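K.L.:
Below are the structure tokens for one structure; questions will follow.
Read-outs: derived from the displayed coordinates by stated rules, not from any lab. Predicted model, so just to flag it, every value in this text is computed and none were measured. Cβ placement follows ideal geometry from the backbone for every residue including glycine, while neighbour counts extend to all protein chains displayed.
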Amino acid sequence: MSSIEPMTLGQIAQEHDEVETPKREVVFAVEDLAVAYASNVAIREVSLEVYKNAVTAFIGPSGCGKSTFIRCFNRMNDLVPSAKVTGNVLYHGKDLYADEVDPVEVRRRIGMVFQKPNPFPKSIYDNIAFGPRVLGLKDNLSDRVESALQRAALWDEVKDRLKESALGLSGGQQQRLCIARCLAVEPDVILMDEPASALDPISTTRIEDLMHELKREYTIVIVTHNMQQAARVADMTAFFSVDVAPDGGKRTGILVEYDRTSKIFTTPADKRTEDYVTGRFG
Amino acid sequence: MRMSRALKGGLFKGVLFLSLLVGFLTLVVLLVDVFNDGLPFLDRTLLTSPPSGDPDIAGARPAILATIYIGALLLAFVVPIGVATAIYLEEYANKTRWYNRLLEINIQNLAAVPSIVYGILGLAFLVRGIGLGRVLLAGAMILTLLVLPTVIIAAREAIRAVPDSIRQGGYALGATQWQVVSRQVLPAAIPGIATGSILALSRGIGETAPLILIGAVTYISFDPTILGPFTALPIQIYSFLRLPQAEFKLLAAASIIVLLAILLTLNAFAIFIRNRYRRSW
Ligand SMILES: Nc1ncnc2c1ncn2[C@@H]1O[C@H](COP(=O)(O)OP(=O)(O)OP(=O)(O)O)[C@@H](O)[C@H]1O
Ligand SMILES: [Mg+2]
């Protein structure tokens, strides 16, 4: 960036703010959602809408339930025996938690990238091919692998070593591999829980550029601790905070404010949001 | 007088070294003795001839073959059962259910049961109970039960060592639980499972007591079959030693070398697998 004065988050956010978002299609509609681990309510009373072909960011202090919340979108919380989800998550109007919905089916449509790159201890090729294989998409497998690696901007770096172990890649490459792995099953939505928090600035920039690319085809939801990152990549931003019970006991995550990213970083409606994004809190 | 720290440290090191020496020297003396006696008799006759009253033409072929058969059957039985049990306990069992906890405690205790008790069990249930008779298969089955807890415990540890992030990654791509287990968890756990199984195998084929109890015969002059009477190398060694002629002692020593060679090869193989596939996540 050429400016001498560091840009404010608001300026960063406005830089890529599209003039007027046309009526966006709603991918997820969350209504009064709460998640409890045994008797501890991690997050409650969350309602928001996630839009198609946009990047939606969740920000907020540690422990406010961002990971818990994002895991509701692909039913990963089902894997935690003590977790209980109440409220509704509608995906293209259909209840994700209805009895007849198979969580495995949900995860085929809604992919996820984790905080720590988690390549499988297999070759680069087999990592990408794993998803298509379990879904029975066996024809043109190498084309699929190539195209996923292309879209994740990793192809040029690995095309000569597809048979080598994925564990030999750098952290940033591993994370792009995980993104490619997720793209290979052609999901509709990509969930990313702090995808760049374990990476160096250059790798982080690459992942952010990638998100700009990917949102043309996919809907992206991202959790981040890095407000610069939210300002740079997100179209919509939700700020979560921790609500401490009056007696100082139970801590529960709540949604404070959800709006266009430019709005959140320039003229937030809530004082708590303003304190957080200006660095006075958390 | 107070000892200086350096002296104390040196003394401690000395004690440790002496303890090490006890184990090491025992092994060396044992090996030297056995090789001294046995080497001259370690020839083709030993490997290809059946036992005989004449030490010059006596061999241990039936016993060696039986030990190999028993080892192969043991592996074929113990690996699938042990791995399946471990997968159930680690990946599927709900640990809050009483029957799963009971199962766990049971397996841990089984690992500590003396081998002779397994022999009694084999005699009662396999040989007499289901009428299998005093056959090689019964021997392999009883040794399977004997080493099963070891294999289960090793396989569970190997499965537990597979990081959860791998499972999560699999699920997030829309894999079913079975797909995650069979395509991610198991392959990643194979080195640990293989090592544990081989060590269990070498324990199994070194066992004597349970086989004697279910009636492995000491004198067999024909090649064993799975459903026929049998002897095994440790038993053969024992029966050589009981014969009056001095040469049989040497023949026993030669047989011990064969048994040791089999066991050490297996253990070396286990170590090789462990090092070859050691993983850093
Ligand atoms: N598997 C779990 N079992 C029990 N409690 C959990 C579990 N996962 C999270 N929690 C609790 O839920 C609350 C929210 O955790 P969560 O991981 O969603 O926060 P987060 O906003 O993602 O935090 P961070 O920014 O540090 O990642 C915390 O109090 C945490 O202790
Ligand atoms: Mg988190």
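K.L.:
For the protein assembly as shown, list log₁₀ I(q)/I(0) at each q in 0.06, 0.08, 0.10 Å⁻¹, using the Debye formula over Cα point scatterers of equal strength and ignoring solvent, two decimals each.
P.N.:
Calculated log10 I(q)/I(0) at the listed q: -0.49, -0.73, -0.92.
K.L.:
Can you list the aspartates and glutamates whose alpha carbon sits under 17 Å from that of residue A:84, skipping same-chain ones fewer than 8 residues off?
P.N.:
Those aspartates and glutamates meeting the cut-off are A:31, A:32, A:45, A:95, A:99, A:102.
K.L.:
Next up: Averaged over peptide B:173-181, how many Cβ atoms belonging to another chain are found within 10 Å of each residue's Cβ?
P.N.:
Averaged over the peptide's residues, the number is 6.
K.L.:
Sticking with this one: Mind checking A:138-147 for the average number of partner chain beta-carbons within 10 Å of each residue's beta-carbon?
P.N.:
For peptide A:138-147, the averaged partner shielding equals 0.
K.L.:
Within the set of other residues whose C-beta is less than 15 Å from the C-beta of residue A:171, count the net charge using Lys and Arg as +1 and Asp and Glu as -1.
P.N.:
With Lys, Arg at +1 and Asp, Glu at -1, the neighbours total 0.
K.L.:
For peptide B:161-171, how many partner chain Cβ atoms fall within 10 Å of a residue's Cβ, on average?
P.N.:
What the average comes to for B:161-171 is 5.
K.L.:
When you take every Cα atom in segment B:58-277, what is the radius of gyration, and what is Dmax, the widest Cα pair distance, in Å?
P.N.:
Cα only, segment B:58-277: 19.9, 71 Å (Rg, Dmax).
K.L.:
Going by average Cβ neighbours within 10 Å, how do the peptides A:167-174, A:88-95, A:220-227 rank, with the highest at the top?
P.N.:
A:220-227, A:167-174, A:88-95
K.L.:
Moving on. Quick one: compute the contact order of segment B:1-119, relative version, from alpha carbon pairs under 8 angstrom and 6+ residues apart, as a percent.
P.N.:
9
K.L.:
Something else about it: Quick check on the protein assembly as shown: helices-only [θ] at 222 nm, where DSSP H runs of length 4 and up contribute -39,500 (n - 2.57) each and the sum goes over total residues. Nearest 500, please.
P.N.:
-15500 deg cm²/dmol
K.L.:
Roughly what would the spin-label model give for residue B:223 and residue B:33, points 7 Å off Cα along C-beta, in nm?
P.N.:
Each label point lies 7 Å from its Cα, and together they span 3.6 nm.
K.L.:
Tell me the Kirkwood radius of segment B:161-281: reciprocal of the mean inverse pair distance over distinct alpha-carbon atoms, in Å.
P.N.:
17.8
K.L.:
In addition: Defining a contact as two alpha carbons under 8 Å apart and six or more residues distant in sequence, what relative contact order in percent does segment B:58-277 show?
P.N.:
Relative CO of segment B:58-277 lands at 31 percent.
K.L.:
How would you order B:218-224, B:247-253 from highest to lowest mean count of nearby Cβ atoms within 10 Å?
P.N.:
Highest mean packing first, the order is B:247-253, B:218-224.
K.L.:
Also, I was wondering about something else. Projected area of segment A:102-234, taken from the Cα convex hull and averaged over every viewing direction, in nm²?
P.N.:
So the mean shadow area of the Cα hull is 7.6 nm².
K.L.:
Output the 0 to 90 degree angle, nearest 10, between the alpha-carbon long axis of helix B:5-38 and the longest principal axis computed from the alpha carbons of chain B.
P.N.:
Relative to chain B, helix B:5-38 is tipped by roughly 50 degrees.
K.L.:
Follow-up question, since we're still on this one. Hey, what did segment B:45-107 get for relative contact order, percent, Cα under 8 Å, at least 6 apart?
P.N.:
17
K.L.:
At what distance in angstrom do the alpha carbon centres of segment A:249-282 and segment B:91-143 lie from each other?
P.N.:
62
K.L.:
Quick check on chain A: take the gyration tensor over C-alpha atoms, sort the square-rooted eigenvalues as a ≥ b ≥ c, and tell me if it's rounded (a/c under 1.5), prolate or oblate.
P.N.:
Because a/c hits 1.5 or more and a/b fails to exceed b/c, chain A counts as oblate.
K.L.:
Among B:70, B:214, B:226, determine the one that fluctuates most according to a GNM of chain B built with springs between C-alpha atoms less than 10 Å apart.
P.N.:
B:226
K.L.:
Oh, and also: For segment B:71-173, what size does the Cα cloud have along each of its three principal axes, sorted from largest down, in whole Å?
P.N.:
53, 31, 21
K.L.:
Over 20 Å between Cα atoms: which of A:66/A:94; A:138/A:163; A:122/A:163; A:122/A:159 fall into that group?
P.N.:
A:66/A:94
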